[in-house]
Structure formats: structure tokens, C-alpha cells
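Please read the structure below before turning to the comments.
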Amino acid sequence: MDTVKNSSFIYYPGSLSACMVDQQAMTFLLSGQCVVIVDGEAAYYVIETRAYPSRSTAEPSVEKSIRAAHDGFVENIIINVGLLRRRIRDPRLRVILNKEGVKTKTDIAYVYIDGLVDVDLLADFQNRLQNLDEIEIVSERMLCESLYGKTLNPYPHVRYSERPDICAIHLLQGYLVVIVDNAPSAMIIPTTFFELNKQMEEYTQTAVIAVFTRTLRLFGVLLSIYFIPLWMVLMKTQNHTLLNLHLMEDVNIYGFGLQVLLADIAVEWIRQALIHTPDMLSSIMGFIAVFLLGDMAIGLGAYTEEILLVVALCNIGNLLTPNYELSLANKFFRIVLALFALVFGLPGFCFGVVFHVSVLLSTKTIKFPYLYPLCPFSWRALKRIWLGAPIRLRQDKQNETSNEH
């Protein structure tokens, strides 16, 4: 039994919680919980009896896996907490529940393992949550912006995941997981560029295959950012390089660059349209894509075969990126670098690469630099991320456990 203080309490499904504030009790009742009043006691108790309508915990469509678990988070915070508790059966797993929002009173649960979580990270999060402005919270993205502010940097500062197994692994590694009611994804705090490029499939493969696929995927991600701008520079300077690349000659470079950008933007339009197109009309989008990017467009001179091939290759690299937000940020910088290369040539491309790397180096994700563990270099963290080191408890946790025995 845990006493509620400052509108928060440690939440375990089916437990009782003491409550001393009448307004809180009204909020609990409106949320579907049961309030028990005992004659002669100043405190009353709240019993978890909520059973919101919810869909099945099917595998997320964005983060699919072949051999890993095929369940995912839903819009019900109670079920989401249960999915984490099912994987981590440790009494030191802490699930702290808050209600934020003046009218919404949205349930927000932050989860960590006592003794493993970074104490500085936890203290910073709790301080920000306690001083949160009185605004309405309806999604995890809105909560992130309320806690850490908005920024012009397109790269995500936290990782969003709909997979409870990924969240459980990060909890065992000392991360903080935040779940917002009515949102089917959780926030993992903090994160880095290399963490965002990891996927659950790596934990189900042998070490050699995991390193091999991880290396190929990262190469494809980098190719999706820099290949089109580099190709524009080679076309503008007619530099065939030592590979004797086949380049189109006597081409208006600005018309060529406009064709490349239009083809890339057309692919993005098709992607967004497929997301919002009803299932009954998805076949029509297929016909439109064929007309827009097929032989008819090439015959009319809208694009060339080389342009469509390069644009398709770069967009495959975007699809290789496990994190959806990271893929959008990479595509944004690809277009920016392409514009620099188109206007200024090789100096513009070099400046764009330096600018992109500077943005990554200057991006802070609450605790670590964005390119950690590569910069600053940490062999232990790089081994865990790149080589897939096994999950082990920290030494202080092991010593604490041995002292108890």
C-alpha cells in the first residue's frame, strides 16, 4: 500500500493506494477507478478497477520482426504496464503514475528499475515533470515537447517504440521508459543516433549475423543521406572517379538537379498518400505510382532511368532505418545537402557534410551526446551497441545483491 503524494503513486495492477485529496478522488472516479471510504479513517483508498475498451496487442506495423515477440503496445496504459511487468519480474521495477493536464488528467507512467537506472537522469526527469506547466497532454510527443521544449533540430531526442520487448531491454540497461495513456508507443530516455538504428531482430540472431546485418543497415542509412548529393557533385564536375562511373554528358545541371529533387519529392508524396489512403483505394495509388515513376514519365522526359534508380536506392536506405522519426530527419538533410551540392558544387557538398555532422555533434539527448559512444569514444558502450554484448547488471547492483544475501 502506497500513500499518494503530489498526485503520484507507485502503481501495481490490483493494488490499493491511499489518497488524501478530494479532488484527486473525483479524478480517480471519473477515470473508472473505485474509491473506498472506511468509517473512522481520514484516508480513503483507490482500487484499480478500470477496463477501457482496447484492441488486441498485435505486432506493430512499423517495427516488425521475424523471430522476436509479436505483441505490441496499445492505447491502454494498464495493458502496456502489464506487458512490461510480464517481461521483468523484479520487485525493484518501479512504475510511477502521474496525472497531467488541466482537463484531460492524462495518466503518465514512468518506469525504471531501482538500482539500475541513471540517478541523474531520473532526478532530472522527475524535476521537469514536477514543474510541468498546466497544459493538456494528449500524446507522448506533446509530453516530450512540454518537458524538454521545442527545437528546430529535426533529429528526435527520445526514442519512440511500440514494442514492449525493446522497452524491457532498455530498462535492463538503465534507461527510463515513459508511457502515456491513449498512446500506443512509449518514450525511451535517453537515446543516441546509434541506438535509433538498432532493431529487435538483432537480439534473435547469432553474433556474426547480427554484426553483419547491423553494418549493412548502417551503410544503407549513410548512403540514403549522402549518395544523391555526391552524385550531383560528380555530374556537375563530370568526375568519373577511379571507378569510371557512367555519367550523363552535355546535361543542364540545374535541370538535372530539379529532376532529381522532383523524383525524390514524388516518392515522398506517394509515401504520405499511402499512409492516409483508405484500404479500398490503395490499388488506385499503385496505378498512380506507376504513371508517376514508370516508363510513361521517362518517355515524357520527366526523369531518366539513372535518376529513378538512384532515387529508389536512397529511399530503400530510408526504409532500412528502424526508427521512423530518424528516417524523416535523414531525408530532410538529404534534400538540404542536395541543394547545397546543386548550387555550390563540391564546396557546397563539403560544407553540407560538415554542417550535418556539426548538427549531430551538437545535438544533446538529455544525458549523452548524439553520436555517443563514437564521440566521445567509449569502447564498452560501442561493444554493447555494435557487437551486441549480453545484458548484464551493473557492478554496484551485483554488490548490493550479494550484500543482501
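Computed values, structure above
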item: Filter result for ARG67 (in contact (Cβ under 8 Å) with a residue 12 or more places away in the chain, at negative phi, surrounded by fewer than 16 Cβ atoms within 10 Å (Cβ to Cβ) and touching a Gly at 6+ places or on another chain (Cβ under 8 Å)); result: no
item: Segment 30-43, subset modelled with pLDDT under 80 and aliphatic (A, V, I, L, M), residue farthest from the chain's Cα centre (by Cα); result: ALA42
item: Hits in segment 273-282 - residues which are exposed (fewer than 10 other Cβ atoms within 10 Å of the Cβ) and under 21 Å from ALA263 (Cα atoms); result: ILE275, HIS276
item: Some residue of segment 29-52 being without any contact (Cβ under 8 Å) to a residue 60 or more places away in the chain, of a type outside the set (Asp, Glu) and closer than 30 Å to PRO322 by Cβ; result: yes
item: Any hit, segment 89-99, residues being under 27 Å from PRO53 (Cα atoms) and within 18 Å of the chain's Cα centre (by Cα); result: no
item: Some residue of segment 322-330 being among the hydroxyl-bearing types (Ser, Thr, Tyr), at pLDDT 80 or above, open to solvent by less than 40 Å² (accessible area, probe 1.4 Å) and not in a helix (DSSP H, G or I); result: no
item: Cβ pairs under 8 Å, 6+ apart, first in segment 127-148 and in contact (Cβ under 8 Å) with a residue 12 or more places away in the chain, second assigned to a helix (DSSP H, G or I) and open to solvent by 80 Å² or more (accessible area, probe 1.4 Å); result: LEU147/ARG128; TYR148/ARG128
item: Residue tally, condition closer than 14 Å to SER185 by Cα and under 19 Å from the mean Cα position of the chain (by Cα), over segment 65-80; result: 7
item: Residue check, LEU319 farther than 24 Å from PHE194 by Cα and either touching a residue at least 12 places away in the same chain (Cβ under 8 Å) or open to solvent by 20 Å² or more (accessible area, probe 1.4 Å) (or both); result: no
item: ALA338 modelled with pLDDT of 90 or more and either closer than 30 Å to LEU196 by Cα or assigned to a helix (DSSP H, G or I) (or both); result: yes
item: Candidate set from segment 239-256 (those that are open to solvent by 70 Å² or more (accessible area, probe 1.4 Å) and of a type outside the set (Asp, Glu)); member that is modelled with the highest pLDDT; result: TYR254
item: Lone qualifier among ALA18, ALA109, ALA69, ALA25 - being modelled with pLDDT of 85 or more and not in a loop (DSSP other than H, G, I, E, B); result: ALA109
item: Count of residues meeting criterion [open to solvent by 30 Å² or more (accessible area, probe 1.4 Å), closer than 23 Å to LEU337 by Cα and not in a strand (DSSP E or B)] in segment 351-373; result: 8
item: Residue check for VAL158: open to solvent by less than 10 Å² (accessible area, probe 1.4 Å) and touching a helix residue (DSSP H, G or I) at 6+ places or on another chain (Cβ under 6 Å); result: yes
item: Residue check, TYR155 of a type outside the set (Asp, Glu) and either in a loop (DSSP other than H, G, I, E, B) or over 30 Å from HIS356 (Cα atoms) (or both); result: yes
item: Scope segment 274-311; condition in contact (Cβ under 8 Å) with a residue 12 or more places away in the chain and under 27 Å from VAL62 (Cα atoms); matching residues; result: MET285, ILE288, ALA289, LEU292, LEU293, LEU308, VAL310, VAL311
item: Count of segment 130-152 residues which are over 16 Å from VAL177 (Cα atoms), open to solvent by less than 50 Å² (accessible area, probe 1.4 Å) and not in a loop (DSSP other than H, G, I, E, B); result: 1
item: Members of segment 304-325 found to be among the small types (Gly, Ala, Ser) and closer than 15 Å to ARG214 by Cα, listed by number; result: GLY317
item: Residues within segment 336-350 that are of a type in the set (A, V, I, L, M) and open to solvent by less than 50 Å² (accessible area, probe 1.4 Å), tallied; result: 5
item: Unmet requirement for THR401, which otherwise passes all of (1) out of contact with any helix residue (DSSP H, G or I) (no Cβ under 9 Å at 6 or more places or on another chain); (2) hydroxyl-bearing (Ser, Thr, Tyr); (3) modelled with pLDDT of 90 or more; result: (3)
item: Index of the failed condition, ILE169 passing every other in (1) buried (at least 21 other Cβ atoms within 10 Å of the Cβ); (2) within 22 Å of ALA58 (Cα to Cα); (3) among the β-branched types (Val, Ile, Thr); result: (1)
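The values are calculated or read from the model by the stated rules, or taken from the named source; none is laboratory data. As the structure is a computational prediction, the values presented were derived from the model and not from experiment. Neighbour counts are summed over all protein chains in view; Cβ atoms, including those assigned to glycine, are modelled from backbone coordinates with ideal geometry. Please note that ligands, DNA and RNA were not included when accessible areas were found on the heavy atoms of the full protein model with its side chains. Shrake-Rupley method; radii C 1.70, N 1.55, O 1.52, S 1.80 Å.
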